[in-house]
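The values are calculated or read from the model by the stated rules, or taken from the named source; none is laboratory data. Note that the coordinates shown come from a computational prediction; the quantities given were computed from them, not determined experimentally. FYI the Cβ positions are ideal-geometry reconstructions off the backbone, even for glycines, and counts take in every protein chain you see. Keep in mind that these areas ignore ligands, DNA and RNA; they rest on the heavy atoms of the full protein, side chains included. Shrake-Rupley method; radii C 1.70, N 1.55, O 1.52, S 1.80 Å.
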Amino acid sequence: MGSEECDDHMEVSISDSQGFREVQRVLQSVRMDPFLINLKDKDEYDYLLIAVDPTKKRSLDENAVLVTTLKALSESVSKIDIMYHHALLHNIFTMCIWYLHEETRVALLDLITRLAVVADQYLRECLQMLVNNFTPPRPLVPLMEQPGWLAKKKVIYSQLHESLKMISDTVPLAARILKDVINRSMPKLFDTKAKMVSFVECMLGLDTERLGDLIGTTLLEKVVDLLTELDVNITWEDILQEEHSKGIFEMELEDLDDDEDYLGQEGTKALFGGNVFADKLDGLMVVVCEHLKSCDRDRLFKEFGILKTIFRKAVLKVHKSKFAQFIMFYACSLDPEICGVDFALFLTDIFTKKEDDAIARMSAVSYVGSYLSRARFISADTVVAVLKRLVEWCDSYCKLKRDPVKPIDHQIFYASCQAVMYVLCFRLRSIMDYPNLKSQLFQMPIESILMDRLQPLKVCLPSIVNEFLRQARAARLFNAPVDLPLEDIVESDLSKAFGGANRLDMFFPFDPYLLRESDRYIRPNFEFWSLVKTTYSNNSDDDDELGDIDAPGMNVDSLDDHVEIDFKDDDDIEYSMNKMSITPHRSFYHPMAMSSDSGISMPARIRPSVSPPS
């Protein structure tokens, strides 16, 4: 089908509508029992099949024939019948747009759109064909980082989005079927990182404007499900374990000098980055963070509302999740005044209200404690407002005069007390700098709660209790005489008892983020313990030097200047990350990680995961 005759078969001129009519005639001529078809018509139809053969490599002339054929078929969709043109439809629906030239790609997508709209009996097949092209074919994957292919990828994604939007705008049923198609096509746990990243990147591009309003919730649900599934498959055995003899705050400051042999990119990969699930999760976190970053304020607020619902349903009680929850952290950092505050209140509401079960409420208060401690973008007045609600709840609980029989019977109370102390370990010094907030804090019955007959100071994690008492006494927030827990232990039998089977006494969901590639989205807004100014610290030159770290407009570059970390150097990254992890990730999840003669082991030296350098 060109300007010249091809193998004595029909001619189709690139600019001649007569050729289009000829294609329509051929389509019509084979709409009958195969034994009744004229041999010439059959030959012409076979040639039509060859013209749109998805496996064929084409010359420039053959590509011109393909463009003309696709345009002719677009004008003839009403003549196409699944019963008589099954082979033709198969060729069309299995074509890969990534190998096509621009003009050919446009012609094919126009045909797919018309087939979906004009003949809605092919709607599912058309949507499936477009979704199948969310990911490039495997041979092209290594080329995707090249500048030329990066530009082409953006064009292809844009064209796929436009086609899907056009179909959904025209066919009311399309959005519902598209959700089902995407659901069935979502990458699986053992698919390649390249497939996961490409598919999710293209899929999230649909989450805009009207189509996003129709299917945005489904898209984000599927992404969060995938992130969480990858996350829980990263076990703590992938992180270096060692005996612990220090509290969780001391551990964050531990030196790596004696482990220099383990440093470096290769050693890090062996310890954590070699985990394929961590590598995949790292890449997906970049994609999701970029998507949120690209949203305008109105769209971000909608996305945040959807993410809150998904978080409550799918993430809140997944206690083995280590990184997926940082999607919420990053979304909040993009709009601290609205989203950031709202998330803190959202978590507090889950805890204080009795709509959810005990595990959900304990998880929520652990989240709010970790969030207020780690989110640099949350103001001191918001911290005090949330602490006031937590303390009021604890005070009401104490007034019920409950019998302190077993810690697990009061686990929600202990979880709240521990969250209050944990937040004050990080934020007490900054609160003391504001006289009005200091006054509000000192009016809270914190001391009476902690001295209650339920004895939270003996039940909560000793490391947190010790650090809190040290700071609270220095600030004169807590003056009652009390025996300090042993300083060389992280946990106690009582803390383990109130934590329950899920060990929620040791659940700190926003501990330092260890995924290297996506770390750049979290780090500028994350509070590391090594940089916290305590109430008992001296006003030394070092304190003065770090004095502006909490200042508005603080960015990762200025943070780097203060702590002198070279982010291009693997050793510096590992050293700095070691100084930033405080959660005692015990091996209670993994009994094989415990040594019978050394007691409980834990990752006092957590390594960052590493994605291959880009």
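Taking a threshold of 23 Å on the Cα-Cα distance, which of the pairs Lys354/Lys388; Lys56/Lys179; Lys313/Lys388; Lys293/Lys317; Lys152/Lys179; Lys353/Lys399 fall above it?
Working: Lys354/Lys388 18 Å; Lys56/Lys179 32 Å; Lys313/Lys388 27 Å; Lys293/Lys317 27 Å; Lys152/Lys179 26 Å; Lys353/Lys399 18 Å.
Beyond 23 Å: Lys56/Lys179; Lys313/Lys388; Lys293/Lys317; Lys152/Lys179.
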Quiz item: By accessible area of protein heavy atoms, probe 1.4 Å, what ranking do Ser370, Ser185, Ser294 get, highest first?
Solution: Ser294, Ser185, Ser370
Quiz item: Given the pairs Lys57/Lys153; Lys71/Lys193; Lys193/Lys308, which are separated by over 31 angstrom at their Cα positions?
Solution: Lys71/Lys193
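Determine the sum of side-chain charges near Leu27: Lys and Arg each +1, Asp and Glu each -1, restricted to other residues whose C-beta is under 15 angstrom from that of Leu27.
+1
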Practice problem: Keeping all protein chains in position, work out how much accessible area Lys320 exposes to a 1.4 Å probe, and write it in Å² to the nearest 10. | Solution: 100
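So how much slack lies between Leu189 and Gln121, counting 0.36 nm per residue of separation and subtracting their Cα-Cα distance, in nm? Please list the in-between numbers first.
Details: separation 68, 0.36 × 68 = 24.48 nm, distance 3.25 nm.
Contour length minus the Cα-Cα distance gives 21.2 nm.
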Quiz item: Which ³J(HN,Hα) values in Hz, rounded to whole numbers, follow from the phi angles of the range 299-313 under the Karplus curve 6.51 cos²θ - 1.76 cosθ + 1.60, where θ = phi - 60° and Gly and Pro get x?
Solution: 5, 4, 5, 5, 4, 5, x, 5, 5, 4, 5, 5, 4, 5, 7
Practice problem: Could you size up the charge dipole of the range 341-449 around its Cα centre, putting +1 on the beta carbon of Lys and Arg and -1 on that of Asp and Glu, and report it in debye to the nearest 20? | Solution: 200
Quiz item: Of Ile327, Phe343, Phe377, which is farthest on the positive side of the dipole of the range 317-394, counting Cα position, with +1 on Lys and Arg Cβ, -1 on Asp and Glu Cβ, and the Cα centre as origin?
Solution: Ile327
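Treating the beta-carbon of each Lys and Arg as +1 and of each Asp and Glu as -1, no other charges, what is the dipole magnitude of the range 30-70 about its Cα centre, to the nearest 20 debye?
Working: 6 positive and 8 negative charges, 25 e Å.
Computed charge dipole of the range 30-70: roughly 120 debye.
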Quiz prompt | Cβ-defined net charge surrounding Thr228, 15 Å radius [Lys, Arg +1; Asp, Glu -1] | solution = +3
Self-check item: Under-5 Å amide H pairs with Leu515, H placed in peptide plane, nonlocal only
Solution: Ser609
Quiz prompt | Pairwise FRET efficiency - Phe35 versus Glu290, Cβ, R0 = 51 Å, nearest 0.05 | solution = 0.30
